[in-house]
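Contents: one structure, followed by commentary.
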Amino acid sequence: MERLHGIYPVLISPVKEDNQLDNAGLETQVDFCVSCGVHGLVYPVLGSEFQYLSESQRREGIRTVIKSNANRVTMVAGVAGATSNLAQKFATEAAEDGANALIALPPYIAPATESEIFDYYRAISEAGLPVFLQNAPMPGISAELIARLIEEIDLIQYVKEERPPSAHNLSRVIYLLKDTRVGIFGGAFGRWMLSELDRGACGFMPASDTADVYVAIWNAWQANNKEQARDIFDAILPLINLYMLLGFNSVKHVLVQRGIIDSAKALAPGAPELDKYDIREIDIVLKRLQPYMSN
């Protein structure tokens, strides 16, 4: 497979009032993102509230995304599990269903030993697809362990680095693996996107609701118009800050506003409700982003 790069938005999990997965909302996200010029799609991971989906919902969602995508862009399936056996099961099913690559956190409920983490990623790799190691704040692993995993497990070919300070960690992984071909993607809503591009990131996994804006930043940077890239990034940064404060239901709110999904209902228990001041702030930022948005 050609080295993956570019903008790979994370699709959220739209749900109906009865908490059943809204497959139509997944399909419209896929079509929206592809129309924005993204390079790939990711589902389901932390930004998809994957830990609140049942096993059957996870597979249903992956199948829906793969079918709707119809091989237009690369589809990266989230296969993180609480144990190696579960992660291996998810990875095998995703490969059978037609995913192009896999992404997984390390075991995320109880801390795993280094040997258990190696066993976990070896089990995922048995599905035979390229693997992204997602390094999120929790549980989080060191750059040195990431480098060892990549050196010893051939199919771990990418890292999604978002453990704070993610830009520094990204630089450390690149330094440790300077003689190894590995792709480093940024996450955390693209909060350090420009710094991470400077440091050698080859792609990003932001939220799906503003995929068009991230594509505009990426395209400007690739065209060596870095001032324009910074202008667009500066315009979206207030929205990123709101997302970091308010959580994924604010992403769903924007998707509803843009006519992409029908409900902003959150899966996570205790998710903060947006009040009129939050909504006003989001509206102000979206107005300023309008020149870079497709609708």
Please compute the Cα-Cα pair-distance distribution of the stretch 125-260 with 10 Å bins starting at 0, giving whole percents from short to long.
12, 39, 33, 16, 1
Can you flag which of 178/252; 67/89; 178/226; 67/178 are past 28 Å Cα-Cα?
178/252; 67/178
Show which aspartates and glutamates lie in cross-link reach of residue 265 when reach means a straight Cα distance below 13 angstrom and same-chain residues fewer than eight apart are skipped.
17, 18, 22, 49, 273
Just want to confirm a number: the relative contact order over the chain, from Cα pairs under 8 angstrom separated by 6+ residues, in percent.
19
Isotropic mean projected area of the C-alpha convex hull, the stretch 6-292 (nm²):
13.8
Extension gain (nm, one decimal) between residue 70 and residue 198, 0.36 nm per residue minus Cα-Cα:
42.8 nm
Antiparallel DSSP beta bridges within the stretch 6-292, as percent of all bridges there, nearest 5:
5
Taking the alpha-carbon centroid of each part, what is the distance from the stretch 68-111 to the stretch 143-191 in angstrom?
18
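Each reported figure results from applying straightforward, stated rules to the coordinates on display, with no laboratory input. These numbers were taken from a predicted model, which means no experiment stands behind them.
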